[in-house]
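*Asks:* Below: one structure in structure tokens.
Throughout, read-outs are computed from the coordinates displayed, never taken from laboratory work. Values in this document were obtained by computation on a predicted structure and should not be read as measured data. All Cβ positions, even for glycine, are placed from backbone atoms using ideal geometry, and neighbour counts span all protein chains on display.
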Amino acid sequence: AAARRAALGAACARAPAWAALSAAPRRGFAAAASTVKITFVDSEGNSETVDAKVGDSMLAVCHDHDIEVEGACGGEMACSTCHMIFDEATFETLPEKEEEEEDMLDLALELTDTSRLGCQVIVTEAMEGITIRLPSETSSQM
């Protein structure tokens, strides 16, 4: 067992950090992914609260829970059909938008100062309990 741990340690030192996670010994069943509650509100005021997996994009969360967000480009940041509107406090905690996202958002309908593309926003544990508004329509240039 000690030799296995030493070999594993040497392999992890050469491998990327994420590789150590998949090579780590596990006890029992693999731990369930951490989730947070996120509420999506459509343009008619209908809301749905879902368990969003930490590490997933908001677009993936919507698709996993059958929330009507198109994502025509499949999350490749080549359209604006996963446009979402965040509250100011949540928006301020998100990483900066890249220029490509800004360019795609310029094509979005109902653009606000707190608009983001759902394919570019990754769920974190700090997002527990947030509410995201979905615009009434989106535009696809694809």
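*Asks:* What do you get for Rg/Rh of region 47-92 when both radii come from the Cα atoms and Rh is the Kirkwood radius?
*Replies:* Using Cα coordinates only, the ratio equals 0.96.
*Asks:* Find the centroid of the Cα atoms in region 80-142 and in region 42-68, then give the distance between the two in whole Å.
*Replies:* When both Cα centres are located, 13 Å separates them.
*Asks:* Please compute the volume of the convex hull spanned by the alpha-carbon atoms of region 95-137 and report it per residue in Å³.
*Replies:* Once divided by residue count, the hull of region 95-137 is 85 Å³.
*Asks:* Give me the distance in nm between label points sitting 7 Å out from Cα along the Cα-to-Cβ direction at Thr112 and Glu98, one decimal.
*Replies:* 2.5 nm
*Asks:* Could you tell me which of rounded, prolate or oblate describes region 35-141, using a ≥ b ≥ c as the square roots of the eigenvalues of the alpha-carbon gyration tensor, with rounded for a/c under 1.5 and, failing that, prolate when a/b is larger than b/c and oblate otherwise?
*Replies:* Rounded, because the longest to shortest axis ratio a/c is under 1.5.
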